Structures are given as C-alpha cells and as structure tokens.
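Colleague: If you scroll down you'll find the structure; I have some questions about it.
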Amino acid sequence: MAITRYNQRTIFQNSSIQYRLSSIFKKRGLKSATQFTTAELIYPSPEELEGIEEESRVWGVGTKYFNLAKEFYGDEQYWWIIAWYNLRPLETDFKPGDVVYIPLPLEEILSAFEII
C-alpha cells in the first residue's frame, strides 16, 4: 500500500450553515458532513533536499504523472510526489517541451517531505 499525502490529515465534522440548510442533507436527516482537514504541504528547504537526486524527462503530448510514477517508483499512486516536487499540481501546468524532474530515491523524498 502506498504512503499517501492524506496520512497526516485529521477528520472533522463540518456543521456549517450550508449543510444545515441544504435540501439534500435535510432529506437524509443530516446536519453535518464528515471531511478531511486541508493538508498542509510544505516544500522542503534546500538543505533537506541535499540527498535527493533527480531524473529528468521532456514533457510530451500524452505524458502523465502516473506513468512517470509507475516507471520510476513502481507504483502509480506516487504521482503526487512528482507534481509536488515540480510545484506543478496539474499535468496541464506543463507544455510539450517542458522539463519535468523526478526526485529519487523515493524513500528520501518522502522523508524530505516529512511523509515518513
């Protein structure tokens, strides 16, 4: 099972006014929604990234984060590491010809991002 960016998030009951007044919630007898807190993703300092190596690829038409994660990490669930490392949360943030960096090794980058 992959380590995810959700590991350190807590769950809370959101009982704000829009949930209490929503007809969908009223029909179901609900007065709140269970939600995850918003994750705080902190980019590591240059010192914390010292042990990180990079592979680079030229972004092309059809390039996908999950395919890069599968190739480099053996698990497509780690696509978000590449997005986070490049500070580009969406694949549409890249244009063909841009360079995407893949941080290695996975254990080091997870440690630098304080995931493990």
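Colleague: Within the range 1-28, track down each residue that is within 30 Å of E76 (Cα to Cα) and modelled with pLDDT of 75 or more. Even if it seems obvious, please write down each step before you answer.
Modeller: We begin by selecting, within the range 1-28, every residue within 30 Å of E76 (Cα to Cα); these are 1-12.
Those that are within 30 Å of E76 (Cα to Cα) and modelled with pLDDT of 75 or more: T10, I11, F12.
Colleague: Would you mind finding the one in K95, K31 that is basic (K, R), more than 21 Å from I115 (Cα to Cα) and modelled with pLDDT of 95 or more?
Modeller: Selected residue: K95, the only one of K95, K31 that is basic (K, R), more than 21 Å from I115 (Cα to Cα) and modelled with pLDDT of 95 or more.
Colleague: Out of all the residues in the range 41-60, is one or more modelled with pLDDT of 95 or more, in contact with a Lys or Arg (Cβ under 9 Å, 6 or more places away or on another chain) and of a type in the set (V, I, T)?
Modeller: no
Colleague: Still on this structure: As an exercise: evaluate G97 against (1) more than 14 Å from E54 (Cβ to Cβ); (2) free of Cβ contacts under 8 Å to residues at least 24 places away in the same chain; (3) not aromatic (F, W, Y) and give the number of the one condition it does not meet.
Modeller: With (1) more than 14 Å from E54 (Cβ to Cβ); (2) free of Cβ contacts under 8 Å to residues at least 24 places away in the same chain; (3) not aromatic (F, W, Y) applied to G97, the lone miss is (2).
Colleague: Can you pull out the residues in the range 62-79 that are surrounded by fewer than 18 Cβ atoms within 10 Å (Cβ to Cβ) and in a helix (DSSP H, G or I)?
Modeller: Selection gives F66, N67, K70, E71, E76, Q77.
The values are calculated or read from the model by the stated rules, or taken from the named source; none is laboratory data. Everything quoted here is computed from the prediction, not taken from an experiment. All Cβ positions, glycine included, derive from the backbone under ideal geometry; neighbour counts span all protein chains shown.
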